[in-house]
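*Asks:* Have a look at this one.
The values are calculated or read from the model by the stated rules, or taken from the named source; none is laboratory data. Keep in mind it's a predicted model, so treat the numbers as computed, not measured. Here the Cβ is made from the backbone with ideal geometry for all residues, glycine too, and neighbour counts use every protein chain on show.
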Amino acid sequence: MKKAVIVSKATNKEALKELLSTEGFDHIDFAETSDQVCRIISGDEDVELILINAPLKEESGLDLAVQCSKSTIASIMVIVRAEKSAEVAHILTSQGIMVIGKPISRHLFHHYLLFSECFKKRIRRVVKENNKLRSQVETMKIVNRAKVVLMKNLRMSEGQAHHYLEKQAMDLRKSKYEVAINVLRTYEN
């Protein structure tokens with residue numbers, strides 16, 4: 001299921017919904033204000049696209065686009081009048097936000113969506129790798145802390161503490177992380 005949020009004045013919603021529906025978006029939420037968008041996207045990592053048809057009723061929509069770019073990995077597109085598109089693109093492109101001039105060409109819009117899909121896949125890979133690295137660093141911190149505790153409490157050398165953790169992990173069929181946590185629970189309490 002492809003999810004999108006359209007942020008627009010009430011008059012333009014249906015045309016944008018029809019445009020997204022032809023591109024395979026089957027769950028489309030509507031909003032007219034920043035507050036409504038924040039409520040819709042908070043905690044929802046499945047939103048793939050936030051389409052802002054600027055200006056909004058009481059705001060330009062540009063600050064909203066920047067705010068969304070910082071709080072979600074959804075693709076963000078801002079639609080502005082053609083004569084303003086270069087100026088707005090100069091401001092928003094550095095934030096990873098695409099700017100589209102009005103009137104919208106279906107053909108170009110399709111290619112914008114393809115590009116955003118490729119970009120999103122790359123971002124997801126980077127986020128996955130980043131999470132994996134964070135986990136590895138956290139494991140290393142815990143294991144190293146357990147080594148220090150063993151060295152301090154059992155007067156082991158670093159090599160002996162390392163060997164102890166590896167041997168316990170092998171003997172108990174647990175990860176070094178789990179063994180390190182048990183060592184910390186035993187000696188730090």
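*Asks:* Do we have LEU56 as at pLDDT below 90, in contact with a helix residue (DSSP H, G or I) (Cβ under 8 Å, 6 or more places away or on another chain) and assigned by TED's automatic domain parsing to the domain that holds LEU20 here?
*Replies:* Working: at pLDDT below 90: yes; in contact with a helix residue (DSSP H, G or I) (Cβ under 8 Å, 6 or more places away or on another chain): yes; assigned by TED's automatic domain parsing to the domain that holds LEU20: yes.
Judged against the criteria, LEU56 is a match.
*Asks:* If you don't mind, there's one more thing I want to ask. Take the residues of region 21-35 that are out of contact with any Asp or Glu (no Cβ under 9 Å at 6 or more places or on another chain) and in a helix (DSSP H, G or I): which is farthest from GLU117 (Cα to Cα)?
*Replies:* ASP35
*Asks:* Quick test of your reading of the structure: GLU117 fulfils all but one of (1) among the acidic types (Asp, Glu); (2) under 20 Å from SER75 (Cα atoms); (3) free of Cβ contacts under 8 Å to residues at least 24 places away in the same chain. Name the failing condition by number.
*Replies:* Result: GLU117 fails condition (3) only.
*Asks:* Right, here's the next one. Tell me, please, whether a residue that is more than 30 Å from GLY24 (Cα to Cα) and aliphatic (A, V, I, L, M) can be found in region 119-138.
*Replies:* Yes, that holds for at least one residue.
*Asks:* Among the numbered criteria (1) closer than 20 Å to ARG124 by Cα; (2) touching a residue at least 24 places away in the same chain (Cβ under 8 Å); (3) in contact with a strand residue (DSSP E or B) (Cβ under 8 Å, 6 or more places away or on another chain), which one does ASP29 miss?
*Replies:* (1)
*Asks:* Across region 68-106, what is the number of residues that are assigned to a helix (DSSP H, G or I) and more than 14 Å from LEU16 (Cα to Cα)?
*Replies:* Matching residues across region 68-106 total 18.
*Asks:* Sort through ILE100, ILE73, ILE104 and tell me the only one that's closer than 22 Å to LYS2 by Cβ, of a type outside the set (Ser, Thr, Tyr) and buried (at least 20 other Cβ atoms within 10 Å of the Cβ).
*Replies:* Testing whether each residue is closer than 22 Å to LYS2 by Cβ, of a type outside the set (Ser, Thr, Tyr) and buried (at least 20 other Cβ atoms within 10 Å of the Cβ) leaves just ILE100.
*Asks:* Taking the criterion of being closer than 22 Å to ALA10 by Cα and touching a residue at least 24 places away in the same chain (Cβ under 8 Å), would at least one residue in region 79-92 satisfy it?
*Replies:* Yes, region 79-92 contains at least one residue that is closer than 22 Å to ALA10 by Cα and touching a residue at least 24 places away in the same chain (Cβ under 8 Å).
*Asks:* Next question. Being assigned to a helix (DSSP H, G or I) and surrounded by fewer than 12 Cβ atoms within 10 Å (Cβ to Cβ) is the filter here; which residues of region 151-185 pass it? Reasoning before the result, please.
*Replies:* Taking region 151-185 first, the residues assigned to a helix (DSSP H, G or I) are 151-154, 158-172, 176-185.
Once the filter is applied, which keeps residues that are assigned to a helix (DSSP H, G or I) and surrounded by fewer than 12 Cβ atoms within 10 Å (Cβ to Cβ), region 151-185 yields LYS152, GLY159, LYS167, MET170, ASP171, LEU172, ARG185.
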